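Accompanying notes for the structure given below.
The values are calculated or read from the model by the stated rules, or taken from the named source; none is laboratory data. Predicted model, so just to flag it, every value in this text is computed and none were measured. Using ideal geometry, Cβ is built from the backbone for each residue, glycine included, and neighbour counts are taken over all protein chains shown.
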Amino acid sequence: MCGIIGYVGYRNARDIVLEGLKKLEYRGYDSAGIALIKNGLFLFKEVGEIKNLENEVPEISSNIGIGHTRWATHGGVNKKNAHPHVDCKGKIAIVHNGIIENFKKLREELEIKGHKFTSDTDTEVIAHLIEENYDGDIRKAVQNAIKKLKGSYAIVVITENEPAVIIGARKESPLVIGIGENENFIASDIPAFLKYTNKVKYMEDGEICEVGRNEVKIFDLDGNEVSREEKIVEWSIEEAEKGGFPHYMLKEIYEQPKSLMETMRGRIGEIEPFVDLGIGLEDIDELTLVACGTSYYAAMAGKYILEEIAGISCNVELSSEYRYFGKRKGIVLAVTQSGETADTLAALREAKRHGCETIVITNVIGSSATRIADKTILTRAGPEIGVAATKTFTTQVLTFILLALELGIKKERLSHSQAREYIASLKKLPMAVKEVLDKGEEIEKLAKMLQDNESIFFIGRGINYPVALEGALKLKEISYVHAEGFAAGELKHGPFALLTSDTPVIAIVSQDKTHEKMLGNIGEIKARNSPVIAVADENDKEIAKFADYIVRYPSLPPFVASIPITVILQLLAYHVARLKGRPIDKPRNLAKSVTVE
Amino acid sequence: MVGEAVILAAGEGSRLRPFTEDIPKVMLPVANKPILEYVINAIRDSGIRKIIMIVGYKKESVMDYFGSGSRCGVEIEYVTQEKQLGTGHALFQARELVKGEEFIVLPGDNIIDKDVILKLMNSPTPALVVEESDIPSKYGVVEIDGDIIKNLIEKPPVARTNIVSTGIYKFDKRVFELLDELLKEGRTSLIDAILQFVQEGILYGVKGNGKWRDAVYPWDLLKMNEESLNKVPATISGKIEENVIIKGKVSIGENTIVHSGSYLVGPITIGEGCEIGPHACIFPSTSIGNNVTIYPFSEIRDSLIMDNSTIGSFSYISKSVIGRGTKISDHFSTLVRDSIIEIEGEIKKVKGAGAFIGGECNIESGVVIKGGAIIGKRAHISSNKVLSGRIENDSKVV
């Protein structure tokens with residue numbers, strides 16, 4: 001998992017590449033490097049944030065350059081393993097995102113031929129392979145080199161021998177070309193160059209591109225030129241900047257009323273009523289849901305929603321498991337924010353290979369997942385920079401509610417008036433989230449109470465079980481506090497042994513059929529002297545007798561309420577992390593979208 | 001050359017409650033844009049691209065909407081005034097961020113014309129924009145001799161002239177030194193610094209062009225809305241079904257559905273993602289926000305309906321402001337009449353007032369609201385009630 005960028009044009013490549021790397025830092029940030037051509041190839045690398053690199057790179061006025069921000073997969077975090085990597089003569093520089101599976105074998109072969117390696121990375125073999133194949137045409141050399149590679153890659157190459165072109169190639173790792181005027185860009189992700197252009201061309205697996213200042217050509221693996229349509233990206237730069245908020249995460253938490261409105265835009269009508277996700281859904285009885293991380297929790301929530309509202313039995317699988325195990329039948333629905341999550345892409349391909357119909361719920365139009373899957377539902381959350389998923393999770397859950405409603409109405413499982421009530425409550429959702437956001441101070445107070453606890457548990461029943469898991473994940477990933485989510489009924493089957501007066505339990509309480517049982521669970525926890533913080537419906541009067549601290553959420557139908565509840569837990573995680581002084585937007589050891597398996 | 005503007009956007013605007021319960025006054029929508037957006041656009045059109053925004057009360061709503069400023073083509077830096085201690089204290093927060101020698105200062109809640117800003121930019125420093133007002137005693141009343149302001153009295157019981165301060169200034173960095181001294185004495189209002197300039201006889205008065213607008217009370221929003229609507233270009237997006245009549249300047253946002261038989265007469269603006277009709281009538285000087293649902297057979301005129309609200313069928317709404325996320329059931333009506341309204345101890349006469357209903361209210365079927373009534377945020381009104389006067393936030397009327 002890494003971020004790469006290349007620039008060729010009339011501006012100062014040093015500045016463009018460094019700026020682009022900062023926008024890509026969310027993809028990984030243990031070390032970074034840059035290569036520039038100015039009467040020869042110049043190479044600079046540093047460990048740590050892009051800032052460290054920026055301080056080391058002298059003002060070279062070059063018009064072509066490539067850069068890389070690394071998240072180590074092969075070889076330790078140090079200067080020599082940082083990209084770009086070069087060939088023996090130091091004339092060809094390459095940056096790479098992905099994993100070369102057969103690099104050991106290739107390296108041995110190249111070493112026998114006399115190539116000298118200076119790093120422990122899989123990437124360096126590509127540089128030497130290109131050198132081995134180079135006879136004056138860098139594109140041909142790359143084309144022949146990548147034929148030997150097994151694994152996944154997005155690579156960008158420059159050479160001082162041909163100082164006017166950048167060569168790119170991709171297979172199973174993201175790479176997108178930005179089309180400017182008298183300048184062009186290539187990068188792992190659009191925000192890297194969005195300041196300069198919103199016109200892009202996406203590359204397909206197995207393609208190679210040749211990017212010059214005035215020209216972009218794309219070729220297939222055999223060297224035949226292919227034509228590719230230009231697309232306009234509708235994100236504005238503003239959407240990719242912090243705008244006054246201290247962290248991207250907080251900005252993104254506060255954006256949720258807007259993102260949720262965006263998810264529903266044009267897809268629901270209260271008066272008629274209707275729900276239409278616009279992908280021509282048929283009658284579905286069974287679904288396999290595959291996802292990783294936060295998206296997996298959204299899929300678990302999706303299971304409760306689809307089963308209850310639309311009567312669809314769901315089987316939820318982790319992508320990393322499903323690609324090797326599990327039933328390949330029927331319809332497979334994948335959930336991936338970036339559309340580039342390697343394990344989920346593999347699971348989708350696997351499902352497709354066995355003839356399954358595939359649907360993807362994703363936030364990124366044109367991403368790899370949308371090109372693999374038969375049907376795409378966009379969550380429309382807008383770009384998310386903070387590593388901890390916030391608005392992308394809540395819009396995924398909302399998308400599941402829309403999906404369930406559309407199918408529930410189609411299957412006539414929902415009456416007209418039930419459907420209308422649901423849709424009316426969805427229209428209230430952005431305001432309900434806003435109301436919860438206004439509780440910032442109350443939640444900050446709670447965070448102060450909890451900041452010194454070493455371990456915090458989250459419990460819930462029904463859809464609030466995956467919400468508890470997500471709440472725990474948010475807390476642990478950004479505050480580094482040990483946090484676990486449990487189905488409330490499962491506590492007594494083991495985790496009870498961990499409860500002490502120093503392990504607060506955050507209990508999500510719904511006013512539905514689980515209410516009484518949940519109060520019972522809280523009673524059991526209180527009996528072990530653990531402090532209980534309840535996240536409860538504003539109309540829940542009984543809870544006051546049971547909990548030590550209560551945060552209220554606006555009364556909404558159970559599935560819809562799970563969204564403001566999640567927002568409360570996001571704010572809690574944020575404030576605990578802030579009080580502990582954690583680097584909230586860039587937690588240690590984590591990267592935004594995991595494009596390695 | 002003036003290249004920076006400081007906007008004071010930290011205050012609540014308490015006389016506009018209940019509408020400022022969840023958003024600051026600067027973010028109240030007028031013709032579907034926050035008041036602050038008009039201010040920023042005027043600044044931009046006068047050539048200033050760098051804005052230092054002092055935020056405080058509900059600052060996230062300002063930051064979330066404007067972000068780094070690219071929506072309006074400006075660069076915005078935010079400074080938080082933690083406690084709303086006064087305008088002098090607010091401006092003082094910007095001292096580290098102002099880079100140029102001279103800059104302008106504006107309240108974020110008054111609509112202003114770009115020509116006046118240009119005039120101010122080219123005047124000597126310090127300077128204050130003044131305007132004529134029908135209600136001068138609501139403002140700082142100014143006595144002016146030639147171009148120099150001779151006297152300024154804040155909200156006098158009896159005004160000696162009808163010239164008032166707009167709170168729009170041009171300063172140089174000396175104002176920060178003055179404020180520093182005043183703040184040490186516990187004087188937090190910007191007026192104290194201004195009076196110092198008046199005393200020294202160096203404060204220039206720049207006459208405005210009559211396009212300055214302030215909303216002090218809820219009904220002022222309707223006037224501001226009416227005037228701003230005339231400037232909204234007619235653009236129709238969304239889905240307009242057959243047999244919808246559209247006349248005059250009508251703007252309809254994306255993903256809005258207007259169902260058959262509806263009758264729309266401009267100037268009106270309707271936001272994104274709304275559902276209107278069938279057979280709904282919307283008449284001039286009405287703004288309808290985003291995600292608003294208007295059920296069949298309802299009539300709305302001269303009103304401001306904010307985001308996410310719902311109007312039930314067979315309703316009549318006129319001269320009214322409806323807050324965000326309020327749900328109004330069927331057979332609702334507003335009785336427009338001349339009213340006497342008390343706000344923060346002041347008695348105000350209002351001609352032709354409808355209802356002023358805060359956000360997130362739930363109003364059941366058949367409710368009638370008499371003109372001039374102010375209904376607090378999140379009030380719950382049971383069916384068939386006839387209400388007037390003031391209903392507090394979170395009330396339940398049964």
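Miscellaneous remarks
- Evaluating B:ILE111 against the criteria (1) closer than 14 Å to B:GLU37 by Cα; (2) within 14 Å of chain A (Cβ to nearest Cβ) leaves one unmet condition, (2).
- Condition check for A:ILE385: more than 12 Å from chain B (Cβ to nearest Cβ), outside any helix (DSSP H, G or I) and surrounded by fewer than 24 Cβ atoms within 10 Å (Cβ to Cβ): yes
- The set of residues from segment B:317-338 being surrounded by fewer than 20 Cβ atoms within 10 Å (Cβ to Cβ) and either more than 21 Å from B:SER383 (Cβ to Cβ) or not assigned by TED's automatic domain parsing to the domain that holds B:ALA379 (or both) comprises B:ARG337, B:ASP338.
- So A:LYS105, is it outside any strand (DSSP E or B) and in contact with a Pro (Cβ under 6 Å, 6 or more places away or on another chain): no
- Segment A:525-572, residues that are outside any helix (DSSP H, G or I) and farther than 17 Å from A:PRO504 by Cα: A:ASP537, A:GLU538, A:ASN539, A:ASP540, A:LYS541, A:ARG552, A:TYR553, A:PRO554, A:SER555, A:LEU556, A:PRO557
To keep it simple, each residue is scored yes or no on (1) among the hydrophobic types (A, V, I, L, M, F, W, C); (2) within 14 Å of another protein chain (Cβ to nearest Cβ).
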| position | (1), (2) |
| --- | --- |
| A:ARG420 | no, yes |
| A:ILE423 | yes, yes |
| A:PRO430 | no, yes |
| A:LYS448 | no, no |
| A:ILE459 | yes, no |
| A:ILE463 | yes, no |
| A:VAL467 | yes, no |
| A:ILE478 | yes, no |
| A:LEU491 | yes, no |
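- Of the criteria (1) part of a loop (DSSP other than H, G, I, E, B); (2) surrounded by fewer than 24 Cβ atoms within 10 Å (Cβ to Cβ), which one A:ALA419 fails: (1)
- The number of residues in segment A:386-416 that are out of contact with any Asp or Glu (no Cβ under 7 Å at 6 or more places or on another chain) and over 28 Å from A:GLU270 (Cα atoms) comes to 1.
- Only residues that are crowded, with 16+ Cβ neighbours inside 10 Å and within 14 Å of another protein chain (Cβ to nearest Cβ) were counted across segment B:78-93, and they come to 4.
- Here B:ALA159, B:ALA94, B:ALA127 are screened, and the one residue that is touching a residue at least 12 places away in the same chain (Cβ under 8 Å) and in contact with a Phe, Trp or Tyr (Cβ under 7 Å, 6 or more places away or on another chain) is B:ALA127.
- Criterion (within 14 Å of chain A (Cβ to nearest Cβ) and either of a type in the set (Val, Ile, Thr) or closer than 25 Å to B:VAL164 by Cβ (or both)) met by exactly one of B:MET63, B:MET53, B:MET121: B:MET53
- Residues that are outside any helix (DSSP H, G or I) and under 14 Å from A:THR159 (Cα atoms) within segment A:119-139 comprise A:TYR134, A:ASP135, A:GLY136, A:ASP137, listed in sequence order.
- Checking each residue in segment B:301-316 for being over 24 Å from A:LEU429 (Cβ atoms) and buried (at least 23 other Cβ atoms within 10 Å of the Cβ) picks out only B:SER303.
- Selection count where residues are among the hydroxyl-bearing types (Ser, Thr, Tyr), in a loop (DSSP other than H, G, I, E, B) and in contact (Cβ under 8 Å) with a residue 60 or more places away in the chain, scope segment B:258-293: 1
- Verdict on A:ARG349 being surrounded by fewer than 18 Cβ atoms within 10 Å (Cβ to Cβ), more than 12 Å from the chain's Cα centre (by Cα) and under 27 Å from A:VAL176 (Cα atoms): yes
- Scanning segment A:279-290 for residues that are within 24 Å of the chain's Cα centre (by Cα) and either more than 20 Å from A:ILE463 (Cβ to Cβ) or within 14 Å of another protein chain (Cβ to nearest Cβ) (or both) turns up at least one hit.
- A:PHE458 being part of a strand (DSSP E or B) and in contact with an Asp or Glu (Cβ under 8 Å, 6 or more places away or on another chain): yes
- Within segment B:361-382, being small (Gly, Ala, Ser) and either at positive phi or crowded, with 24+ Cβ neighbours inside 10 Å (or both) holds for B:GLY366, B:GLY372.
- Flag for A:GLY440 being within 14 Å of the chain's Cα centre (by Cα) and within 14 Å of another protein chain (Cβ to nearest Cβ): no
- Selection from segment B:66-77 of residues that are surrounded by fewer than 21 Cβ atoms within 10 Å (Cβ to Cβ), facing another protein chain (nearest Cβ under 9 Å) and either of a type in the set (S, T, N, Q) or under 21 Å from the mean Cα position of the chain (by Cα) (or both): B:SER68, B:SER70, B:ARG71
- Residue, nearest to B:GLY359 (Cα to Cα), within segment B:293-317, restricted to residues that are of a type in the set (A, V, I, L, M, F, W, C) and within 20 Å of the chain's Cα centre (by Cα): B:MET306
- Positions within segment B:268-284 being surrounded by fewer than 22 Cβ atoms within 10 Å (Cβ to Cβ) and within 23 Å of the chain's Cα centre (by Cα), in sequence order: B:GLU272, B:PHE283, B:PRO284
- Selection of segment B:63-90 for residues being outside any loop (DSSP other than H, G, I, E, B) and either of a type in the set (Gly, Ala, Ser) or out of contact with any Phe, Trp or Tyr (no Cβ under 8 Å at 6 or more places or on another chain) (or both) yields B:TYR65, B:PHE66, B:GLU75, B:GLU77, B:TYR78, B:VAL79, B:THR80, B:THR87, B:GLY88, B:HIS89, B:ALA90.
- B:TYR217 away from every other protein chain (no Cβ under 14 Å) and over 30 Å from B:ASP145 (Cα atoms): yes
- Answer from A:GLU160, A:GLU255 - the residue that is touching a strand residue (DSSP E or B) at 6+ places or on another chain (Cβ under 7 Å), crowded, with 17+ Cβ neighbours inside 10 Å and either modelled with pLDDT of 85 or more or over 30 Å from A:ARG582 (Cβ atoms) (or both): A:GLU160
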